[in-house]
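**Student:** Got a structure for you, written out below as structure tokens; questions coming shortly.
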């Protein structure tokens, strides 16, 4: 695989912090100034970002933003992503933040380049800069006289310009590309098989590694005999370092065969947790919950409430199950390590590799290949494995997980148990809200996302506890957002039904958040909520959600028959501010709906004694094309409001909306996921 | 062993128990065909053998020898995309696109056999494929439009 190169012959370099925001967030500082955009003497524009492309179309979004600001065709912009030697430091492609913080800064970089080009032209033409504008890759006079090509202006130059604080990006009414549906610039490589994913990376002299997996989490290697494996034709080496055992071979099939030929005896810890007892265990094994919010006086509010509702909810572990299993190629050149990977955080991966091998970060280069889906997983572990094997055999090594390894040894979305207690007054206003979530995994921050309620209520306690996890908890689209929303929005229907109120009216009467209200009203109107027709076996549900700075509401129709539930139709109200590529955003929202539908209806990792029991698509049911509902998206945001996230928010309310619809169809409350096995 | 792939003949020396997928990817460097599950459950590895959509991850290479194998790399006619590829571009019927080769190969086989399939027939032909990004609405629209355009020849 060819390594990406920085452009030679750079004529104009634009320097700035990698991130920028109108409302800076102390948790995501802007970063050190670095090269964000260059234009070479031939007029070729190149932009640099530490974000990665894993399907969300960010390369395309950035290219549209830059091309629009510079008035050039979108395919004349090159985007270099996720190569730690070439791009500015980045915290990872997470939290639906690329367009909100990096895209806007690349627009500012491009706007700076445009102003520089206009100044160059003004000097050359001996006219005032304010008499000039840019158009089709040229600086032209506003009165329409002949233009000068960017390449012509930049020929022989070597300029470096910092982004001025006050640089102005294009106004919405001047957009030529942004805000309009666009084909992806990487489309052809994706329909011809040309795009190279981590699984496809081949470097000269590369060998294939396969790791010996224990039978269960926490198992310790007691005894091993590798003699048979070493005799397999094509095997180069069996590498053992404590419990880490791997085979390196000339061919992948030989490595697989040899790992099977290893005789190993393991001492298993056989944790007693299983998918049967985990809902209660999560609470028993939890740390003390941390209150994120503790407002008003809950005790007296509950005492004076007209009605009190109290329920426990449960969401199981689910697998990210992205289509490309984890893979990584590692190559050592002396004490310098290069890794091609599918990680969404190349810099974090670089740092972890440097730490593991006692290197300076400058001795490690991590290059993100095209990534065949992630949704939060794809950890550095596979790169650690490849780098260890490559070092042991002194040759480049690729480690590619098979599907069972991906299900069994990659990370999963944490299971969670929720206790929700609410009080309402005689007018149907929520007066007390006591919410405690027990999320599996040591990282409580995951479970905090989306835990707070967006509804109007003065007496509130929101608490989240991390709980010991028998499986390897990791990130999944929206982190705790989707699971917290399930508990809250199903509980909202519990109250509405208890009070005999329409779920839409009940929500609206407890919601003063303008953007959420607009989403909900738009979704309900487009869906025809008010005129929905009650028929046997058909149910309707809705839910609202917030995530990554965006807001959404979703109305769902389901059909329930013979212990099966089918989602027939989904209408989504969605507000992410300015939509750069409406088709790209819609694609993300549709995908979020389909993915969330899987978690609502079928998906759960089954496990017992530290072993995953359904580590394959034959035993882990994901949505297929035959399950696809009709999906309609209504954008309700304001183009003058800066872009917020679009990749994750779509998933947060969908499971609750489906559960509420199934309850509407069957009359039975849904308090645990997935739904179908419980019908 | 003799393999005819994308109208080119190849002589390969490989163990008989290897899968067609493994040989295509590792011996012939045709990495457009993907490994997704190794069990024939996800469709990412789909190629055409004598025009039939076939899961190459569970096909012994010996059974494909001497037959006409087509992979995603051989579907376009030079720079001219196959109508199904064109439709996938037009509808952005993908996100990460790791599954896309498989969906396109099965769709091409379907339209070759049945140039005007119903929605049910399209869904049925593609039900063995998984797109975890969930681009199904677009995939359905793309195949519909390729068929309305006259489809595969």
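**Student:** Got a sec? Which of A:222, A:254, A:229 is outside any loop (DSSP other than H, G, I, E, B), over 34 Å from the mean Cα position of the chain (by Cα), within 14 Å of another protein chain (Cβ to nearest Cβ) and more than 22 Å from residue A:368 (Cα to Cα)?
**Tutor:** Answer to the check: A:254.
**Student:** Give the residues of the range A:191-200 that are farther than 15 Å from residue B:71 by Cβ and assigned to a helix (DSSP H, G or I), sorted by residue number.
**Tutor:** Across the range A:191-200, the qualifying residues are A:198, A:199.
**Student:** Same structure again: Taking the conditions exactly as written (surrounded by fewer than 20 Cβ atoms within 10 Å (Cβ to Cβ), more than 9 Å from chain A (Cβ to nearest Cβ) and more than 18 Å from residue A:193 (Cβ to Cβ)), does residue B:119 satisfy them or not?
**Tutor:** Yes, satisfied.
**Student:** Only one of (1) away from chain B (no Cβ under 11 Å); (2) buried (at least 22 other Cβ atoms within 10 Å of the Cβ) is not met by residue A:195, so which one is it?
**Tutor:** Against the list (1) away from chain B (no Cβ under 11 Å); (2) buried (at least 22 other Cβ atoms within 10 Å of the Cβ), residue A:195 comes up short only on (1).
**Student:** From the set of residues in the range A:201-219 that are more than 11 Å from every other protein chain (Cβ to nearest Cβ) and assigned to a strand (DSSP E or B), which is nearest to residue A:266 (Cα to Cα)?
**Tutor:** In this case the residue turns out to be A:211.
**Student:** Can I ask one more? For the range A:261-283, indicate whether the set of residues that are crowded, with 20+ Cβ neighbours inside 10 Å, in a strand (DSSP E or B) and at pLDDT 95 or above is non-empty.
**Tutor:** no
**Student:** State all residues of the range B:122-153 that are at positive phi and either surrounded by fewer than 18 Cβ atoms within 10 Å (Cβ to Cβ) or facing chain A (nearest Cβ under 7 Å) (or both); if no residue qualifies, say none.
**Tutor:** Listed by number, the residues that qualify are B:134, B:150, B:153.
**Student:** Quick one: in the range A:325-348, of everything that is out of contact with any helix residue (DSSP H, G or I) (no Cβ under 6 Å at 6 or more places or on another chain) and closer than 20 Å to residue A:474 by Cβ, which residue is surrounded by the most Cβ atoms within 10 Å (Cβ to Cβ)?
**Tutor:** The qualifying residue surrounded by the most Cβ atoms within 10 Å (Cβ to Cβ) is A:346.
**Student:** Here's another thing I want to ask about it. Which one of A:671, A:630 is under 15 Å from residue A:572 (Cα atoms) and in the same structural domain as residue A:503 (by TED's automatic domain parsing)?
**Tutor:** A:630
**Student:** Take residue A:651 and tell me if it is farther than 30 Å from residue A:267 by Cβ, buried (at least 23 other Cβ atoms within 10 Å of the Cβ), free of Cβ contacts under 8 Å to residues at least 12 places away in the same chain and within 14 Å of another protein chain (Cβ to nearest Cβ).
**Tutor:** no
**Student:** Quick one: in the range B:5-34, of everything that is out of contact with any strand residue (DSSP E or B) (no Cβ under 9 Å at 6 or more places or on another chain), in a loop (DSSP other than H, G, I, E, B) and facing another protein chain (nearest Cβ under 8 Å), which residue is farthest from residue B:73 (Cα to Cα)?
**Tutor:** The extreme case among them is B:15.
**Student:** Would you mind stating whether residue A:88 is assigned by TED's automatic domain parsing to the domain that holds residue A:137, in a loop (DSSP other than H, G, I, E, B) and free of Cβ contacts under 8 Å to residues at least 40 places away in the same chain?
**Tutor:** no
**Student:** Assigned by TED's automatic domain parsing to the domain that holds residue A:237 and over 20 Å from residue A:59 (Cβ atoms): which single residue out of A:216, A:155, A:160, A:131 fits that description?
**Tutor:** None of the others qualify; the one that does is A:216.
**Student:** On to the next question. Give just the number: which of (1) under 21 Å from the mean Cα position of the chain (by Cα); (2) within 14 Å of chain B (Cβ to nearest Cβ) does residue A:398 not satisfy?
**Tutor:** Of (1) under 21 Å from the mean Cα position of the chain (by Cα); (2) within 14 Å of chain B (Cβ to nearest Cβ), only one is false for residue A:398: (1).
**Student:** Scan the range A:485-492 and give yes if some residue there is out of contact with any helix residue (DSSP H, G or I) (no Cβ under 7 Å at 6 or more places or on another chain) and surrounded by fewer than 18 Cβ atoms within 10 Å (Cβ to Cβ), otherwise no.
**Tutor:** no
**Student:** If you don't mind, there's one more thing I want to ask. Which members of the range A:378-395 meet the condition of being farther than 14 Å from residue A:197 by Cβ and buried (at least 24 other Cβ atoms within 10 Å of the Cβ)?
**Tutor:** A:383, A:386, A:387, A:389, A:390
**Student:** For the range A:603-615, enumerate the residues that are within 14 Å of chain B (Cβ to nearest Cβ) and within 29 Å of residue A:589 (Cβ to Cβ).
**Tutor:** Across the range A:603-615, the qualifying residues are A:603, A:614.
**Student:** Here are the criteria: (1) in contact (Cβ under 8 Å) with a residue 40 or more places away in the chain; (2) surrounded by fewer than 19 Cβ atoms within 10 Å (Cβ to Cβ); (3) on the phi > 0 side of the Ramachandran plot. Tell me which single one residue A:562 does not satisfy.
**Tutor:** Single failed check for residue A:562: (1).
**Student:** If you don't mind, another one. From A:8, A:34, A:111, A:67, grab the single residue that is away from every other protein chain (no Cβ under 14 Å), at pLDDT 95 or above, on the phi < 0 side of the Ramachandran plot and touching a strand residue (DSSP E or B) at 6+ places or on another chain (Cβ under 9 Å).
**Tutor:** Unique residue meeting the criteria: A:67.
**Student:** Can you pull out every residue in the range A:55-71 that is buried (at least 24 other Cβ atoms within 10 Å of the Cβ) and in a loop (DSSP other than H, G, I, E, B)?
**Tutor:** Once the filter is applied, which keeps residues that are buried (at least 24 other Cβ atoms within 10 Å of the Cβ) and in a loop (DSSP other than H, G, I, E, B), the range A:55-71 yields A:55, A:56, A:57.
**Student:** I'd like to know if the range A:116-136 contains one or more residues that are under 19 Å from residue A:74 (Cβ atoms), modelled with pLDDT of 95 or more, touching a helix residue (DSSP H, G or I) at 6+ places or on another chain (Cβ under 8 Å) and part of a helix (DSSP H, G or I).
**Tutor:** Checking the range A:116-136: at least one residue is under 19 Å from residue A:74 (Cβ atoms), modelled with pLDDT of 95 or more, touching a helix residue (DSSP H, G or I) at 6+ places or on another chain (Cβ under 8 Å) and part of a helix (DSSP H, G or I).
**Student:** Does residue A:177 satisfy the condition of being in a helix (DSSP H, G or I), assigned by TED's automatic domain parsing to the domain that holds residue A:107 and in contact with a helix residue (DSSP H, G or I) (Cβ under 9 Å, 6 or more places away or on another chain)?
**Tutor:** Answer is no for this residue.
**Student:** Going through the range A:94-111 one residue at a time, which ones are in contact with a helix residue (DSSP H, G or I) (Cβ under 9 Å, 6 or more places away or on another chain) and either assigned to a helix (DSSP H, G or I) or farther than 16 Å from residue A:54 by Cα (or both)?
**Tutor:** The answer is A:98, A:99, A:102, A:103, A:104, A:106, A:107, A:108, A:109, A:110, A:111.
The values are calculated or read from the model by the stated rules, or taken from the named source; none is laboratory data. Note that the coordinates shown come from a computational prediction; the quantities given were computed from them, not determined experimentally. Neighbour counts are summed over all protein chains in view; Cβ atoms, including those assigned to glycine, are modelled from backbone coordinates with ideal geometry.
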